[in-house]
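In what follows, a structure is listed as structure tokens, so that the remarks can point back to it.
Derivation of every value follows stated rules applied to the coordinates shown; laboratory data play no part. Since the model is a prediction, treat every value here as computed from it, not as a measurement. Note that each Cβ is placed from the backbone with ideal geometry, even for glycine, and that neighbours are counted across all protein chains shown.
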Amino acid sequence: MSLVLRGGCAAGLLVVGAASGLAAVLLHQHGWGLALGLAAAVAVAAVLPRGWWSRLAFMLGWMGAVAYATVPRPEGDYLIAANASGYALLGGSFLVLLVALATSGPARGAREDPGESPHPT
């Protein structure tokens, strides 16, 4: 896959991740919203292939939205409350980001180019 195509995929997944993270922030006070938001993050992170342009880009967009929601609003309140569901959203988001960071590189023993072997048989 070319670098331009990977960059385009990364930009798109950043936007989709930010939208998903924002939806989770807005719905996390409902039990079903918190469960659905975290389940969606885990499912997308599990389905996307390894790489900075896919899994990591989605989770950086997600965490960008969650981190932006932790900044106090001009009224002095927060979008993420200091209660069990707020802490669950923050903890779950960081956990999924750590898994995405840990698994963003190539698989152990994987070769970058699956073309012909350098040693003919």
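When PHE58, PHE94 are sorted by how many other C-beta atoms sit within 10 angstrom of their C-beta, beginning with the fewest, the order is PHE94, PHE58.
Look at THR103, THR70 and count the other Cβ atoms within 10 Å of each Cβ; fewest to most, that gives THR70, THR103.
Which FRET efficiency, nearest 0.05, do VAL99 and SER2 yield, Cβ-Cβ r, R0 25 Å?
On the way: r = 27 Å, r/R0 = 1.09.
Given R0 = 25 Å and the Cβ-Cβ separation, E is 0.35.
Extension gain, ALA40 to ALA81: 0.36 nm times the residue separation minus the Cα-Cα distance gives 12.7 nm. Normalised by 2.2 N^0.38 Å, with N the number of residues, the alpha-carbon radius of gyration of region 1-99 equals 1.10.
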